[in-house]
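Chemist: I have a structure here, written as structure tokens, and I will follow up with some questions on it.
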Amino acid sequence: MDGQATLNERMVTVGSIILLGAPGAGKGTQAKKIAGHYSIPHISTGDLLRDHVARGSELGKKAKAIMERGDLVPDDLVLAMVEERLNRPDCSRGFIGDGFPRTVKQAEWLDQYLSGKVFENQRDRKLAPIVINIAVGYNQLMRRLTGRRSCPTCGRIYNVYSQPPSVDELCDVDGGKLETRRDDREEVIAERLKAYEAQTRPLTEYYRARGQYFEIDGDQTPDAVSAEVTKIIDGHRL
Ligand code: AMP
């Protein structure tokens with residue numbers, strides 16, 4: 001592929017892509033790759049909330065304790081934050097949602113939001129998001145979550161078992177000291193998985209009933225998963 005074709009391919013209108021899956025399924029890793037491939041923003045409500053907590057904003061103060069015990073932040077707070085983010089001009093060709101929506105109420109809100117949205121150069125009015133569920137078994141999820149480390153400076157994600165950095169505990173990119181997320185401790189992980197089962201798993205049925213829903217095996221290499229994700233998006237984008 002020549003440079004121009006690559007550039008054109010990247011400037012296509014994609015619409016809304018939603019990655020579903022339990023904590024640790026690899027949504028963040030995949031969302032970063034897909035966002036780079038199509039040049040659309042990666043909207044991770046977890047990252048946005050962690051940023052609010054780090055800045056000590058009003059929202060951050062309300063969300064901190066809830067996140068630390070592994071519960072979900074109330075819908076009204078998340079939706080106000082997401083609406084502001086989706087209204088920014090960089091979402092004009094589409095966006096990829098990672099960790100959003102996470103409840104049926106959030107999914108209903110998103111449907112409503114999208115019904116009033118027109119993406120740039122949209123070919124038709126197909127507005128339902130492309131929903132891709134990354135399925136991973138319980139033991140593998142635990143391994144991924146307990147082994148996950150991230151660089152506080154550049155955000156790159158590692159796993160001490162499957163994708164360790166070249167030098168123990170240091171980021172390959174900028175040498176930053178890798179951190180374990182506060183909610184990746186075992187007792188909090190159990191709560192997060194419970195919240196997922198109770199509040200997020202029902203979304204699979206919600207979207208399955210609405211058409212553009214796909215399930216892929218997340219127990220593959222990140223590249224194999226992203227090849228499948230890209231194929232689905234190319235076949236169904238706006
Ligand atoms: P994540 O990085 O997606 O695993 O999210 C980390 C934490 O942020 C979750 O355990 C929740 O406490 C909170 N959170 C992230 N996204 C949402 C959301 N869409 N709705 C409610 N809480 C969320």
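Chemist: Check the range 115-128 and report whether any residue there is aromatic (Phe, Trp, Tyr), modelled with pLDDT under 95 and either more than 16 Å from the ligand (Cβ to nearest atom) or more than 16 Å from the chain's Cα centre (by Cα) (or both).
Modeler: Within the range 115-128, one or more residues are aromatic (Phe, Trp, Tyr), modelled with pLDDT under 95 and either more than 16 Å from the ligand (Cβ to nearest atom) or more than 16 Å from the chain's Cα centre (by Cα) (or both).
Chemist: Let me ask you something else. Somewhere in the range 46-63, is a residue free of Cβ contacts under 8 Å to residues at least 60 places away in the same chain, surrounded by 21 or more Cβ atoms within 10 Å (Cβ to Cβ) and away from the ligand (no atom under 11 Å from the Cβ)?
Modeler: No, the range 46-63 contains no residue that is free of Cβ contacts under 8 Å to residues at least 60 places away in the same chain, surrounded by 21 or more Cβ atoms within 10 Å (Cβ to Cβ) and away from the ligand (no atom under 11 Å from the Cβ).
Chemist: Out of the range 46-84, which residues are β-branched (Val, Ile, Thr) and under 19 Å from Leu110 (Cα atoms)?
Modeler: Result: Val73, Val78, Val82.
Chemist: Of all residues in the range 76-90, which are of a type in the set (A, V, I, L, M, F, W, C) and either at pLDDT below 95 or open to solvent by 40 Å² or more (accessible area, probe 1.4 Å) (or both)?
Modeler: Correct list: Leu77, Ala80.
Chemist: I would also like to ask the following. Could you tell me whether the range 4-12 includes any residue that is surrounded by 17 or more Cβ atoms within 10 Å (Cβ to Cβ), within 13 Å of the ligand (Cβ to nearest atom) and not in a helix (DSSP H, G or I)?
Modeler: No, every residue in the range 4-12 fails to be surrounded by 17 or more Cβ atoms within 10 Å (Cβ to Cβ), within 13 Å of the ligand (Cβ to nearest atom) and not in a helix (DSSP H, G or I).
The values are calculated or read from the model by the stated rules, or taken from the named source; none is laboratory data. Here the structure is a predicted model, which means the values were calculated and not measured. In this analysis, Cβ positions are derived from the backbone assuming ideal geometry, glycine residues included, and neighbour counts consider all displayed protein chains. Ligands, DNA and RNA are excluded from the accessible area calculation, which covers all protein heavy atoms including side chains. Shrake-Rupley method; radii C 1.70, N 1.55, O 1.52, S 1.80 Å.
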